[in-house]
Amino acid sequence: MTNQPISSRPGFCGRTRREFLWETGAGFTGVALSGLLDEGFLNQQAVAADGTTRWQNPLRAKDPHFDPKATNVIFLYMYGGPSHIDTFDYKPRMKGMDGKTVDVKTFGRGGRKNKGRIVETRWNFKQHGQCGQWVSDLFPHFSTCVDDVAFLHSMTADSPIHGSAMLMMNSGKILSGSPCLGSWMNYGLGSVNENLPGFVVMLDPRGGPISGAKNWSAGYMPANYQATLVRAQGSPILNLKLPSGLNQSMQRRLLDTLRAYNEQHRVKRSDNSDLAARIASYELAYKMQTTAPEATDLSSETEATQKMYGLDRKESTPFGSQCLMARRLVERGVRFVQIYSGGNHNDANWDAHGDLKRNHDMHALETDKPITGLINDLKQRGLFEKTLVVWGGEFGRQPTAEYAKGTGRDHNSYGFTMWMAGGGIKGGTSVGKTDELGSRAVEDRLHVRNLHATVLQQMGLDPNRLSYFFNGLDRKLVGVEGAEPIHQII
Amino acid sequence: MNRSVVTAWFACALLSPVLAEAADPVLSPREQVAFFSSKVKPLLVKRCFKCHGGTKIKGGLHLDSRSGIMKGGDSGQAINLKRPLKSLLLEAVNYELEGYEMPPSGKLPAEQIAILARWVRMGLPVTPDFSGKIGNQPRSASPMVTPETKRFWSFQPVKRPAVPAVRDRRRVINSIDAFVQSRLDAAGLTPAAPVSRVALLRRASYDLTGLPPTPAEVEDFLADQSPRAFERVVDRLLDSPHYGERWARHWLDLVRYAETNSYERDGAKPFVWRYRDYVIRSLNADKPFDQFTREQLAGDELDTVTPETQIATGYYRLGIWQDEPVDREQELFEDLDDHVRTTGEVFLGLTVGCARCHEHKLDPISQRDYYRLLAFFRNIRRYGVRGRNTVESASITSIASEADRKKNQKLVVQHQQELKVIQREIREFLVTVKPLLKGGEVDDFKREKNRVPILKKKVPGKLPRAKFDAYVKLVARRDRLRKYKPPGLAVALVVKENGPTVPQSYVQIRGNAHARGEKVEPGFLEILSPPKPNIRPPAKGAKSSNRRRALAEWITTPSNPLTARVLANRLWQYHFGRGIVRSPNNFGLQGRPPTHPRLLDWLASELVDGGWKLKRMHRLIMLSATYRMSSAPSQAGLKADPTNNLFWRFDMRRLSAEEIRDSVLAVNGALNRGKMFGPSIYTIIPNEIKHGQSQPGSGWGNSPPAERNRRSIYVHVKRSLVVPMFETFDGADLDTSCPVRFTTTQPTQSLALLNGQFSNREAEVFARLVRGQAGKDRAKQVTLALSRATQRRPTEKEVRRGVALIEALEKQDKASPEQALKYFCLLTLNLNEFLYLD
């Protein structure tokens, strides 16, 4: 199988890519993480089938559509759906209404309802910073950062059910099978660090989200665009650790011999760049065994830094370690890092159907200091300007109680809050409003697609231009209708 | 949103300001125009033009001219002058239809909505500058059904082309070679020399069975010097049961086969493996493809319905299933879309699904076409509503034979009687011991679990031990009987309809399940100038409408221009690595044109004339000189045709994910080749991967080693937990039809084969086999390991290189001989020669 030369222009939506895909038929190939294929190697061996065109790999760093404001994204995914009216969307009119039954249209896992019993927020709100953003006392640390943050109070999504809503937040569609935001980054921008993946996902130690790998899949794109799971404990990446009984010198010996066999095999097949790519991929794998553990090793961080991320407290250590790892990965060029706060089911994530107070107190404590530490650390290292931080879950929560008793709130995709910071986002701003109860967005309504469009835009990709040809259509993350980025905050 | 909600919303709309102003004073025409310019136009400009005015037009709707507004957009008419309140425009600004909230950034104030409503009621009076032709261009440049588009090659009937003449007959074995060589002649190229015998055997074995040839098969072939040696190999492989296991994988890729539903629960599909077995059996039996198609699409509507044809309809149950839909009606149409899309792409090679929300933008397929095709499936019951019971009712049926049923009935009766007798004995005994109970014991005794402990206290004084023991035995026997019921009757996952009457089908505006457009009846794609569907009237009390049968019959009519071409192309693709049409699921205007159109038509004619039998086609293709060419490059070929458009050589290919796993097990002798069919098996998935699940390990079981070592086709396919080996090596996407596998080369693949649990475990097994057969002699070990992995005898140099590695590992790294050999065996599983075929 041979490689078709790819145009050196980033022809994202033109015929070039489409032709390329079809031209190669079953042979859509290339070494991910091009690093090892340095100039010398490429010029020497890796040429395309015509014997002259230089072979290029699909994950090579590509030029964005325009000068990007941000080069990296850290998406802090609050799985389960944090309640907006208990965190950042202050509703003073609800004061004193606790327990009252009101007419309000809601739609959650319990179906559609037209009235419900108000659950007043269990936390106090105060205004913070120059901008006067209201924040509940769930986030004592993060409240000091509000002047760096843009709040999106009028988010809406297409589904109030976890499975499909998570797919929507991650891939823009409520049906499974589409590539995730990070895959679009990998596809559109490639990777600048050859020794590390371009799209990294870190999961809560309590478990993954529902639908598991569907949340970081490359969907209809080839597998090299999908996320790599990175773990905070043990070997950070699957298969990175040497099998027991094998040390590095033995492995080196083995690889040298393997290379000798493979080079001999290649002599009569020199036109097939896949074979060269595969030989190269072993060297790359060998290098990853040392670079990836280094990138995720927190022991070289000072105590002060570790403390900043909350590593001095048991509750905030897991998420704090992941935030700190995220910073280290971003420093090393990883394009897109997604960290899950919450996993598994029920109260192991933000899905507060039972005891709202206990649930949100726990998850806020776990994340408040790490997130604050991340923002401050990025700032002090000069990375904040170029790193876009996104916070939020797949939806928010209802103003009313889910059951006859208790404080639990059902899901709410009609209106919820997310925030963005860094990466060229205007700090101290907020967009949109929900109604007096926070039951739905009423002003400047935003859709998940607008959020995706904003992320792409900041990364230098035109959301309405970045497309991938599949099944007879130029697919876009923001859908066929397209979507505008949120101009108010960029 | 379900229907009652829509009604409720309309009821709400009645109370909104829109109607409250119905009593507005009647304005003169002049006043109406003034109303437009002072109130309406500024509003349109300010709130609507950004997306519906000038050059930027979303949804095909122009709001910058009256003609544009009247014309409407992709969703249909924006204005209903007869019933103004039902105008889509007003419903959109009133936020009445989910997904149509306009403007999307926020609802207009009530007084502005009222202005628009009043204007619509007036009949859209405008100033002259607004009436014009602005925005009156055609809605989109979608290709239409015209005599010209009808002439497109793939829409034309297949005509058997004459076999062309070639310059040099010596390299022609059959007609395929003539078609290929005549093109090479024209380009001044010569076909590559025949490939070496070992490489040919390897190519053919993997091609037909997905497995490497065994050492004995290599020996036999090399020893057979007759000119018919290869023919005998092909026949042997076609007769092998492994043929079905390999080619079923291609089909399963196409029909997005998976064994779970995706989404939150990703629950297992009961008995779905019967469909997989059906495909394997059908292929092994060389079932004609037209029959294969009819069984899958309408196996429950055929003249003779058998368990086999019922299982075949599992085809409709393979897709993803949302058991917790946001909007049930919409979800029903998602399922129907899955049927239209998959059937369109798999059987017809057309991306019909693109016409769901609007006219197909690239092909002459209208939205009406889409919904007429959907009408064939409209009566299908959803896979389930929610939960196990609903799935059983909607998708599970008994496939037991009458004899089985009778036999089973006997067992059931026998079982019930036995149980009855024991229960009576127990009751009688309990009556006799009642007088022994004291005080609280009387109450406690009512609970089954307390009885034995209470009675035990009475032994032997009040209750003889023998009697007590007899009671304990009775209870144990009863429990055993309750637990082990006679085996249930065989059931299968099938399609079911809601009886013989089908709900009316409509064009669903913009694909919205709640927005009905014109009525449509079942019909085939207009561009193919099809006949009217022949839908047999269903018998009284029939379980289905016979619509799918009509569809299946049209698809398999020899005169259908697409079906045979699409299949012939796929056969070619799976043999040669790429189709004659490189977009095998898209034969439309934007699909890739065939590199060898006449060869494709010739193959399609052969296929139909040969009774749609696949094995005959495999034989024909594989015995051609074209198939037996070497993959070696030639300067002239690379220069003139670097992508091998003309087939001047055979393309190398990497093994697929499943072939890699099966080959590792074949090479190390662990593969369980004998056991075919049945419920799927579980391989070992590393905990790190399971940790990505919300409940680590859920939905994944353990299989004993012999089971675990069965072929990959029998591994459980869980949508949210894909076996890492398959994922890493580009397994098929499971949610939509996968016509072509990607072949990526990534360091994660190298890491998996080098450090992964699977390869290391199997390398150890390999080392034991090698040591057992070759003894302690290192040269013999290396020779055996290399020849098992590559199916050829290694050169002396290659043996020396391997021996050197083993010696170095032992001497310098102090590895034990077992370890050193294991690592050499691991190396062989990482060879390019192991993973690539010439």
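Would you check if there is a residue in segment A:301-323 being among the small types (Gly, Ala, Ser), surrounded by fewer than 22 Cβ atoms within 10 Å (Cβ to Cβ), over 22 Å from the mean Cα position of the chain (by Cα) and over 20 Å from A:Asn195 (Cα atoms)? Yes, segment A:301-323 contains at least one residue that is among the small types (Gly, Ala, Ser), surrounded by fewer than 22 Cβ atoms within 10 Å (Cβ to Cβ), over 22 Å from the mean Cα position of the chain (by Cα) and over 20 Å from A:Asn195 (Cα atoms).
Suppose we filter B:Gly577, B:Gly588, B:Gly637 for residues that are touching a His at 6+ places or on another chain (Cβ under 9 Å), over 23 Å from B:Arg232 (Cβ atoms) and not hydroxyl-bearing (Ser, Thr, Tyr); which single one remains?
Details: B:Gly577 fails: touching a His at 6+ places or on another chain (Cβ under 9 Å); B:Gly637 fails: touching a His at 6+ places or on another chain (Cβ under 9 Å).
Being touching a His at 6+ places or on another chain (Cβ under 9 Å), over 23 Å from B:Arg232 (Cβ atoms) and not hydroxyl-bearing (Ser, Thr, Tyr) holds for just one of B:Gly577, B:Gly588, B:Gly637, which is B:Gly588.
Could you pull out the residue among B:Asp363, B:Asp338, B:Asp323 that is over 21 Å from the mean Cα position of the chain (by Cα) and either within 11 Å of chain A (Cβ to nearest Cβ) or at pLDDT 95 or above (or both)?
Values: B:Asp338 fails: over 21 Å from the mean Cα position of the chain (by Cα); B:Asp323 fails: over 21 Å from the mean Cα position of the chain (by Cα).
Checking each option against the conditions leaves just B:Asp363.
The strands (runs of 3 or more DSSP E) falling completely within segment A:89-134 that include 2 or more residues that are more than 35 Å from the chain's Cα centre (by Cα) map to A:101-108, A:111-117.
Of the residues making up segment A:291-298, not a single one is in a helix (DSSP H, G or I), out of contact with any strand residue (DSSP E or B) (no Cβ under 8 Å at 6 or more places or on another chain) and facing chain B (nearest Cβ under 7 Å). Anything in segment A:108-126 that is at pLDDT 95 or above and either surrounded by fewer than 16 Cβ atoms within 10 Å (Cβ to Cβ) or within 14 Å of chain B (Cβ to nearest Cβ) (or both)? List them, or say none. Correct list: A:Asn124, A:Lys126. Of the strands (runs of 3 or more DSSP E) contained entirely in segment A:433-489, those carrying at least 2 residues that are aromatic (Phe, Trp, Tyr) and within 14 Å of another protein chain (Cβ to nearest Cβ) fall at A:467-470.
Only one of the numbered conditions (1) within 10 Å of chain A (Cβ to nearest Cβ); (2) more than 29 Å from B:Gln791 (Cβ to Cβ) is violated by B:Ser656, and that is (2). Please go through (1) at positive phi; (2) crowded, with 22+ Cβ neighbours inside 10 Å; (3) not aliphatic (A, V, I, L, M) for A:Gly129 and return the number of the only condition it doesn't satisfy. If we test A:Gly129 against (1) at positive phi; (2) crowded, with 22+ Cβ neighbours inside 10 Å; (3) not aliphatic (A, V, I, L, M), just (2) comes out false. Selection of helices (runs of 4 or more DSSP H) fully inside segment B:741-808 by the criterion of at least 3 residues being under 29 Å from B:Asn672 (Cβ atoms) and away from chain A (no Cβ under 11 Å) returns B:757-774, B:778-790.
Being hydroxyl-bearing (Ser, Thr, Tyr) and in contact with an Asp or Glu (Cβ under 9 Å, 6 or more places away or on another chain) is the filter here; which residues of segment A:247-281 pass it? Scanning segment A:247-281 gives A:Ser249, A:Tyr261.
Here is a list: B:Asp735, B:Asp730. Which entry is at the interface with another protein chain (Cβ under 10 Å from one of its Cβ atoms), at positive phi and touching a Ser or Thr at 6+ places or on another chain (Cβ under 6 Å)? I'd like the intermediate steps shown before the answer.
Values: B:Asp735 fails: at positive phi.
Matching residue, one of B:Asp735, B:Asp730: B:Asp730.
Here the helices (runs of 4 or more DSSP H) wholly within segment B:1-101 that include at least 1 residues being crowded, with 16+ Cβ neighbours inside 10 Å and at pLDDT 80 or above are B:29-35, B:41-47, B:49-52, B:66-71, B:88-93.
Taking the criterion of being part of a loop (DSSP other than H, G, I, E, B) and within 14 Å of another protein chain (Cβ to nearest Cβ), the residues of segment B:601-640 that qualify are B:Ser630, B:Ser631, B:Ala632, B:Pro633, B:Ser634.
Total residues in segment A:179-205 satisfying the condition of being within 9 Å of another protein chain (Cβ to nearest Cβ) and within 24 Å of B:Ser698 (Cα to Cα): the figure is 3.
The set of residues in segment A:278-290 being touching a residue at least 24 places away in the same chain (Cβ under 8 Å) and within 7 Å of chain B (Cβ to nearest Cβ) consists of A:Arg278, A:Ser281, A:Tyr282, A:Leu284, A:Met288.
Here is the figure for segment B:630-645: residues that are at pLDDT 95 or above and crowded, with 20+ Cβ neighbours inside 10 Å total 1. Screening B:Arg281 against (1) without any contact (Cβ under 8 Å) to a residue 24 or more places away in the chain; (2) more than 18 Å from the chain's Cα centre (by Cα) leaves a single unmet condition, (1). Would you point out the residue of segment B:680-715, among those that are touching a residue at least 40 places away in the same chain (Cβ under 8 Å), part of a loop (DSSP other than H, G, I, E, B) and buried (at least 17 other Cβ atoms within 10 Å of the Cβ), that is nearest to the other protein chains (Cβ to nearest Cβ)? Result: B:Gly699. Tell me which of these B:Arg167 doesn't satisfy, since it passes every other one: (1) closer than 23 Å to B:Val566 by Cβ; (2) surrounded by fewer than 20 Cβ atoms within 10 Å (Cβ to Cβ); (3) not acidic (Asp, Glu). That leaves (1) as the condition not met. Pairing residues of segment B:559-572 that are within 23 Å of B:Ala204 (Cα to Cα) and β-branched (Val, Ile, Thr) with residues that are modelled with pLDDT of 95 or more and in a helix (DSSP H, G or I), at Cβ distances under 7 Å and at least 6 apart in sequence or on separate chains, gives B:Val566/B:Phe347; B:Val566/B:Leu348.
Can you tell me how many residues in segment A:206-215 are at the interface with chain B (Cβ under 8 Å from one of its Cβ atoms) and in contact (Cβ under 8 Å) with a residue 40 or more places away in the chain?
Start the filter on segment A:206-215 by keeping residues that are at the interface with chain B (Cβ under 8 Å from one of its Cβ atoms), which leaves A:207-214.
Checking which are in contact (Cβ under 8 Å) with a residue 40 or more places away in the chain leaves us with A:207-211, A:214.
Here the count works out to 6.
For A:Leu275, are the conditions met, namely being modelled with pLDDT of 90 or more, crowded, with 22+ Cβ neighbours inside 10 Å and at the interface with chain B (Cβ under 7 Å from one of its Cβ atoms)? Taking the combined requirement at face value, the residue does not satisfy it. Checked against (1) assigned to a helix (DSSP H, G or I); (2) in contact with a Gly (Cβ under 8 Å, 6 or more places away or on another chain), A:Asp271 passes all but a single condition, namely (1).
Scanning segment B:296-312 for residues that are over 17 Å from the mean Cα position of the chain (by Cα), part of a helix (DSSP H, G or I) and not hydroxyl-bearing (Ser, Thr, Tyr) gives B:Ala298, B:Pro307, B:Glu308, B:Gln310.
To keep it simple, each residue is scored yes or no on (1) closer than 15 Å to B:Ser544 by Cβ; (2) surrounded by fewer than 24 Cβ atoms within 10 Å (Cβ to Cβ); (3) of a type in the set (Lys, Arg).
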{"site": "B:Tyr275", "(1), (2), (3)": "no, no, no"}
{"site": "B:Tyr278", "(1), (2), (3)": "no, no, no"}
{"site": "B:Arg281", "(1), (2), (3)": "no, yes, yes"}
{"site": "B:Ala312", "(1), (2), (3)": "yes, no, no"}
{"site": "B:Tyr315", "(1), (2), (3)": "yes, no, no"}
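A quick yes/no check of all residues on (1) part of a strand (DSSP E or B); (2) crowded, with 19+ Cβ neighbours inside 10 Å; (3) within 14 Å of another protein chain (Cβ to nearest Cβ); (4) at pLDDT 95 or above:
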position	(1), (2), (3), (4)
A:Asn344	no, yes, yes, no
A:Gly354	no, no, no, no
A:His363	no, yes, no, yes
A:Ile375	no, yes, no, yes
A:Val389	yes, yes, no, yes
A:Tyr403	no, no, no, no
A:Trp419	yes, yes, no, yes
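Condition test on B:Lys814, is it surrounded by fewer than 22 Cβ atoms within 10 Å (Cβ to Cβ), on the phi > 0 side of the Ramachandran plot and charged (D, E, K, R)?
Values: surrounded by fewer than 22 Cβ atoms within 10 Å (Cβ to Cβ): yes; on the phi > 0 side of the Ramachandran plot: yes; charged (D, E, K, R): yes.
When the stated conditions are applied, B:Lys814 passes them.
The values are calculated or read from the model by the stated rules, or taken from the named source; none is laboratory data. Computed from a predicted model, the values in this text were never measured in an experiment. Note that each Cβ is placed from the backbone with ideal geometry, even for glycine, and that neighbours are counted across all protein chains shown.
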